[in-house]
Amino acid sequence: MSAAASMECRPSRRAVRLARLAALAPLPTGLWRIAGACGVPLGFSGDDPLADVSFGSGFSLYMIGLSVFAEALGFLALGLVQRWGEVAPHWLPLIGARRVPPLAAVIPAGLGAAALTLLGVLGAIGWNDPGNMGAPGSPTGAAYWVMTACYLPLVAWGPLLAAVTVAYHRRRGAGAPGRRLVTA
């Protein structure tokens, strides 16, 4: 591949920035959860499981695990702008050093973006509902605003991932610059 064709296949700076933001979107929520899992009071009271979390309990381990899992999913957005999203790392069994078919990244990323967007919209709409933050025992005052600020980036996660997925597809899809269309 020539230097010019190689430059055409690079992700745009905008796509790289959006991928980084998508990767960071679950981080504030995860840090909030991990703080709660470590015993930091989150503002919940009464019978709510978040009212009294002790480090090492099953619930605290669940909160930490959920945070790590969400951030790992967020990290995958970077694959849409990094070399490892085009060619599998050599150390991976069976697929190492092989080209990643564009649809193998676009389909799961697109479905993830759609699901995250739906969850973000529904979460924002129902944030203060009686079964959510409007429930008795939910945080109020500063604790409410801290939790809201930590969860707010999740609303942007889906749209950010969608934008990066579209950029990846345009860059790596069948009609992308530097790629030949295969016709039968």
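The values are calculated or read from the model by the stated rules, or taken from the named source; none is laboratory data. It should be emphasised that the depicted structure is a prediction, and the values quoted were computed from it without experimental measurement. Don't worry about glycine lacking a Cβ; one is built from the backbone with ideal geometry, like all the others, and counts go over all protein chains shown. Accessible surface areas use protein heavy atoms only, side chains included; no ligands, DNA or RNA. Shrake-Rupley method; radii C 1.70, N 1.55, O 1.52, S 1.80 Å.
Taking the Cα centre of the range 1-135 as origin and assigning +1 to Lys and Arg Cβ atoms and -1 to Asp and Glu Cβ atoms, the resulting dipole is close to 860 debye. For the range 19-49 versus the range 87-151, the inter-centroid distance based on Cα atoms is 14 Å. Amide H contacts for residue 87 (H built 1.01 Å from N in the peptide plane; partners 5 or more residues away or on another chain; cut-off under 5 Å): 100. With contributions of -39500 (n - 2.57) from each DSSP H run of at least four residues, the per-residue ellipticity at 222 nm computed over the chain stands at -18000 deg cm²/dmol. Once both labels are positioned 7 Å from their Cα atoms along Cα-to-Cβ, the gap between residue 146 and residue 119 label points is 2.4 nm. The longest stretch of the chain left intact once loop-based trypsin sites (Lys or Arg not before Pro) with at most 16 other Cβ atoms within 10 Å are removed from consideration, loops following DSSP, is 1-97. Counting charges near residue 60 (Lys, Arg +1; Asp, Glu -1) among other residues having Cβ under 12 Å from its Cβ returns a value of 0.
Heavy-atom surface analysis with a 1.4 Å probe gives the chain a carbon and sulfur content of 69 percent of its accessible area. Of all the options 64, 95, 34, the one that moves most in a Gaussian network model of the chain with Cα springs shorter than 10 angstrom is 95.
Taking every C-alpha pair closer than 8 Å and separated by at least 6 residues, the mean separation divided by the residue count of the chain gives a relative contact order of 32 percent. For residue 89, neighbours were defined as the other residues whose beta-carbon sits under 13 Å from its Cβ, and their charges (Lys and Arg +1, Asp and Glu -1) total +2.
Placing dummy labels 7 Å off each Cα toward the beta-carbon, the span from residue 78 to residue 92 is 1.5 nm. Accessible area per residue for the range 11-106, computed on protein heavy atoms with a 1.4 Å probe, is 60 Å².
Who wins for biggest fluctuation among 156, 142, 19 in a Gaussian network model of the chain, springs between alpha carbons below 10 Å? Of the options given, 142 has the highest mean-square fluctuation. Listed by number, the DSSP H helices of the chain that run 30 Å or longer by alpha-carbon position along their axis and have mean Kyte hydropathy of at least 1.6 are 102-125.
When 150, 38 are compared by accessible area at a 1.4 angstrom probe, the order from most to least is 38, 150.
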